[in-house]
Amino acid sequence: MQTTTQTSNARFDALHGPIDSALFREIWNVEPHDHRGLLTDYAESNSSDIAALQTAVRRHRMLDIMRLAHRIAGASQVVGAVRIVALCRRIER
């Protein structure tokens, strides 16, 4: 049987799927749902970076693509978004 914290974490994970909750806890020493401000800042920042990355791709600007992928990967690593980090690392290559 799950505890209230585990149930809350499961709900949070379902909403914020890219975030590795265990890694987030290891990095920040708090539960992800207790640190929503950081995740909101991450989402807002990434939203503008992703839009810029899409523009760079459409314009075939390789240096901008690599720079933005690196930036997104760095921000994603800080919050434990390991799948996004892996994808960005592939783009960087």
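Sort out which residues of segment 65-85 are in a helix (DSSP H, G or I) and either open to solvent by 50 Å² or more (accessible area, probe 1.4 Å) or in contact with a Pro (Cβ under 9 Å, 6 or more places away or on another chain) (or both), and write them in order of number.
Met66, Arg67, His70, Arg71, Ser76, Gln77, Val78, Val79, Val82, Arg83, Ile84
State the number of residues belonging to segment 18-61 that are among the small types (Gly, Ala, Ser) and at pLDDT below 85.
Number satisfying all stated conditions: 3.
The values are calculated or read from the model by the stated rules, or taken from the named source; none is laboratory data. Model, not experiment: these values are computed from the prediction. So basically every Cβ, Gly included, is an ideal-geometry build from the backbone, and we count neighbours across all protein chains shown. Heads up: the accessible areas ignore ligands, DNA and RNA and are worked out on the full protein's heavy atoms, side chains in. Shrake-Rupley method; radii C 1.70, N 1.55, O 1.52, S 1.80 Å.
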